[in-house]
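The values are calculated or read from the model by the stated rules, or taken from the named source; none is laboratory data. Being a predicted model, the structure only gives us computed values, none of them experimental. As a convention, Cβ positions derive from the backbone with ideal geometry for all residues, glycine included, and neighbour counts pool all protein chains shown.
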Amino acid sequence: MRTGDEHSQGTLNRESSPLPASVRTVSVDGKTVYLIGTAHVSQQSVEDVRRTVSAVHPESICVELCPARHKAIVQRDAWKQMNIFKVIREKKAVFLLAQLIMTAFYRRIGEQLGVEPGAEMVEGVRQAKHMGATLVLADRDIDITLKRVWGHLGFWNKLKLMFHLLTGLFVGADIDGDAIEELKDRDQLENVLQSFSEAFPEIKHRLLDERDIYLAEKIREAPGQIIAAVVGAAHVPGIERAIGERHPLEPLRQVPPRSSWGAVLKWGIPGIIVALLVAGFVRDGAHHSVGSIQIWFLVNGTLSALGAALALAHPLTILSAFLGAPLTSLNPMIAAGWVAGLVQAWVKKPTVQDLEELPKAVASVKGFWMNPVSRILLVVVLANVGSSLGTFIAGVWIARRTFPG
């Protein structure tokens, strides 16, 4: 483990060397690790990566990318291969939408700075190829990170998080200079969800602390004696703390199991609604039950259809949300948003051109809503939100109607 003396020596070495001020030197297991703390929207960070690699000639270059994000960088046409029907069926619409919102946010910042977001990671990949160094994709898979964040949130916190993510679409295209300077000092994923940390303290642990440990372990496992690591500046202190000890990575790769309470609510809410309808029939007869059923269908269907309409869905999609939500809300295996999303994908099937234009389209609010691919994702999320609210409102209404005292 690195000692205080080693830390001081590393600092002295950096000050007397041509290395940029953003570089921290760490010694671990006989290896010398150069942590290049970068900003994801800074041209200076690109220069820091190039300059450090040129000075130290590393045998391995670690970058803060997972295989999926690396593929997105090296294969710009990867969007063409996306199967939107498969995304919906595999319940990945929310996670893909979150990634697109991140992309949209950073594109707006990058356009103002004249820098391609993540350019310093691209430079790290390019330098590894140029120097013949081993490229190490050191970050945890983004899907796992998002699923661990999502899986440790309760039902209402999930609704709140989706609301915050969707409001992120409406961040103005112009962001003042002070805000941009602050954004430069943060990690890409941290930056997007930073404003949620106070409302969702569990997010910071899953999003930042776990990834500090994951990055540290992948860096220390990198082959060679001289390692350069291109990571967001916010991760550098955490990596320095974690790199001196070994940490098993498997627990950090595990997707959290569904909570028992989630299963209870999933099956319990439909059971309660059915029980209320039966109780109303027993107490006040068929007329009362018919009224409760009407409330259930109208409230649940209307709010789900409203969510689809807010996503500018096709009329048939809106109709499917209206008709499907009251039924799917009583079936824990199907969600109203999935039905609406599949209908939207069927009536307005995305073309290859739509997929090609997706990264550029999400840079603006109008583009996000008008691109057929992102619109399908919005339909899924907003129809589900509407149906969830409808279930709660209609359920409370029926309960009070059945047991007025």
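Some observations on this one:
- So E59, is it modelled with pLDDT of 95 or more and buried (at least 17 other Cβ atoms within 10 Å of the Cβ): yes
- Identity of the residue in the stretch 301-325, over 28 Å from the mean Cα position of the chain (by Cα) and touching a residue at least 40 places away in the same chain (Cβ under 8 Å), that ends up farthest from V365 (Cα to Cα): G301
- Hey, R400 basic (K, R) and buried (at least 17 other Cβ atoms within 10 Å of the Cβ) or not: no
- I269 at pLDDT 85 or above and either of a type in the set (D, E) or assigned to a helix (DSSP H, G or I) (or both): no
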